[in-house]
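The structure appears right after this line, and notes come after that.
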Amino acid sequence: MLQSFFQWMQGLPFSAWMLEETWASPIIQCAHLVALVAFAGAVLVVDMRLLGRGLIKTPLNQLAREMDRWMIWSFVALFVTGAPQVLSTALKQYYSPFFWWKMQIVIIGLLFNFTIRRRVAFAEEGSLGHWPKVVGFLSIGMWTGVSVYARLIGLLS
Amino acid sequence: MRSLFEWVDALPSSIALRESLNAYPTMLTIHVVSMCLFAGLIAYWDMRLVGLTLRKVPVSNIPTRLFPWALTGYGINLITGGLLLYSQPMRYYGNFYFWAKMALMLIAGINMFWFHYATYKSVQAWDQGREIPMNARLAGVVSLVLWAAVVVTGRMMAYSGLMPQWWNNLNIGA
Ligand code: HEM
Ligand code: HEM
C-alpha cells in the first residue's frame, strides 16, 4: 500500500521535472535550510525560556504567543520545501530508515507542541513547578533529532 | 594559498579524517545543528533590529541574554566547519561556493563589528521605544541577507558541478 503510494509519487511528471531541472533540487534544499534556521530560532527562543535561560525578563506567555506565528509559518515553509523532495526522491526516502524516523518525530513533535508545550508556555508562570523545564528539554531534543535524522538521509541512504 | 591547502591535504591527520567513514557525516551533522543554534538566534536578533518581531523585548536584552548561546553555536560551527575543511582541503580549494561563503562570513563579521562599535553605542536612546534608528535597521537587513547567503553557499558547496562558468574558466581547482 504505502510502497505503491511512494512509487506513484516517484512516477509523477513533477518528480521527473525536479530531477531533470538542474537547479530545482539545490534551490529547494537551500530554501529548506533557510526555513530550518527560522524554525530553529522560533523554537529555541521559547524552549530556552522554558528552561529558565535566554530572555527571562520577558513574560513567557508573551514570548510564546509572539513566536507561535513564526514557528507555524516556518514549519509551513519547511513542509513546502520538503514535500517536493519527497516526491522527487520518493523511493530513496521509502527505503531510508532515517526518513521514517524523521517523519515520526516530526509528527510527535507537532502533537507535543499543540497539546502540551503550548499549554505550558501560555500558562501562568511559576504555577507548574519543574514541568516547563521538562517540556523545553523535550522540545529541543525532538527537533534536534529531526534535524540529525534528516541530514543522515542524505549522508547514509 | 594553494601550497597551504596542499600541505594540509598531505598531513597524516587530514588523511585519517578523510578516510574515516564516520568523520564526515558526524561533522556535517553537528555543523548543521550548531548552525541552527547560531543562525536561528541571530536571525531573531536581526529581525528585532528591523522591527519585525519581539518588539516588546528591550533591544539590549538580546545581546546579554541570547548572544552567549549564539556564540556557543558559532564556536561549534567554526570547529566542525574547520574540521570538514581540514579533512578535504583540495576538494574545497577549487570550489566557488566555499570561497563565496568565506567572503560572505567576513562581510557579515565586519557588519557586526561596525554595528556593535558604532550604532549600538546609542542603544539606551532606543532600547524600549519603537523607533529604531535607520542605521540599526539597515545593519539588521544586511545581516539577515548575508547569513542567509552563508547558509545557501554552505549547502551549494556540495554541488561542484554547478559553479559559475567564469569561475570554471579560472581553472583554480585543476
Ligand atoms: C513535513 C515536513 C518536512 C518534510 C516533508 C521534509 C522533507 C525533507 C527531505 C525529503 C529532505 C531531503 C533528505 C535527503 O534526501 O537528503 C529533507 C532534508 C532536511 N530536513 Fe526536512 N522535511 C520536513 C520538515 C523538517 C523539519 C521540521 C526539520 C527540522 C526541525 C527538517 C530538517 C531537515 C534537515 C536538517 C535536512 C537536511 C538538509 C540538507 O542539508 O540537505 N525538516 N527534508
Ligand atoms: C570557518 C567557518 C566555516 C567553515 C570552514 C565551514 C565549512 C564547511 C564545509 C567544509 C562544509 C561541507 C560542504 C560539503 O562537503 O558539502 C560546510 C557545510 C555547510 N555549512 Fe559551513 N563552514 C563554516 C561556517 C558556517 C556558518 C557560519 C554557517 C551558517 C550560518 C554554515 C552553514 C553551512 C551549511 C548550511 C552547510 C551545508 C550543510 C548540509 O549540507 O546540510 N557554515 N561548511
Unique match (being at positive phi and of a type in the set (A, V, I, L, M)) among B:Leu84, B:Leu54: B:Leu54
Number of positions in segment B:101-139 that are of a type in the set (Phe, Trp, Tyr), touching a residue at least 24 places away in the same chain (Cβ under 8 Å) and either in contact with a His (Cβ under 9 Å, 6 or more places away or on another chain) or exposed (fewer than 15 other Cβ atoms within 10 Å of the Cβ) (or both): 1
Residue within segment A:101-116 that is more than 11 Å from every other protein chain (Cβ to nearest Cβ) and more than 15 Å from ligand 1 (Cβ to nearest atom) present: yes
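Looking only at segment B:54-73, count every residue that is more than 10 Å from chain A (Cβ to nearest Cβ) and either assigned to a helix (DSSP H, G or I) or among the charged types (D, E, K, R) (or both) and tell me the total. Quick ask: steps written out before the conclusion?
If we filter segment B:54-73 for residues that are more than 10 Å from chain A (Cβ to nearest Cβ), which is where we start, we get B:59-60, B:63, B:67, B:71-72.
Narrowing further to those that are either assigned to a helix (DSSP H, G or I) or among the charged types (D, E, K, R) (or both): B:63, B:67, B:71-72.
Residues in segment B:54-73 being more than 10 Å from chain A (Cβ to nearest Cβ) and either assigned to a helix (DSSP H, G or I) or among the charged types (D, E, K, R) (or both): 4 in total.
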Residue match in segment B:84-100 (condition: exposed (fewer than 14 other Cβ atoms within 10 Å of the Cβ), away from ligand 1 (no atom under 16 Å from the Cβ), modelled with pLDDT of 95 or more and more than 14 Å from chain A (Cβ to nearest Cβ)): no
Selection from segment A:115-151 of residues that are more than 17 Å from B:Cys36 (Cβ to Cβ) and basic (Lys, Arg): A:Arg117, A:Arg118, A:Arg119, A:Lys133
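Having 1 or more residues that are over 16 Å from B:Leu41 (Cα atoms) and within 12 Å of chain B (Cβ to nearest Cβ) is the bar; report the helices (runs of 4 or more DSSP H) wholly within segment A:20-96 that clear it. Steps first, please.
Details: elements: A:24-50, A:60-88, A:90-94.
Because the criterion is at least 1 residues that are over 16 Å from B:Leu41 (Cα atoms) and within 12 Å of chain B (Cβ to nearest Cβ), the helices (runs of 4 or more DSSP H) in segment A:20-96 that meet it are A:24-50, A:60-88.
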Single residue of segment B:153-171 satisfying the filter (within 15 Å of ligand 1 (Cβ to nearest atom) and without any contact (Cβ under 8 Å) to a residue 40 or more places away in the chain) that is nearest to the other protein chains (Cβ to nearest Cβ): B:Arg155
Test: residue in segment B:37-47 that is part of a helix (DSSP H, G or I), away from chain A (no Cβ under 12 Å) and not small (Gly, Ala, Ser): no
Every residue from segment A:98-122 that is in contact (Cβ under 8 Å) with a residue 60 or more places away in the chain and surrounded by fewer than 16 Cβ atoms within 10 Å (Cβ to Cβ): A:Phe122
Tabulated pairs, segment A:136-157, first facing chain B (nearest Cβ under 10 Å) and part of a helix (DSSP H, G or I), second of a type in the set (D, E, K, R) and surrounded by 18 or more Cβ atoms within 10 Å (Cβ to Cβ), C-beta under 8 angstrom, 6+ apart or interchain: A:Ile140/A:Asp47; A:Tyr149/A:Lys102; A:Ala150/A:Lys102
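The values are calculated or read from the model by the stated rules, or taken from the named source; none is laboratory data. Remember, it's a predicted structure, so these values are computed and weren't measured experimentally. Note that each Cβ is placed from the backbone with ideal geometry, even for glycine, and that neighbours are counted across all protein chains shown.
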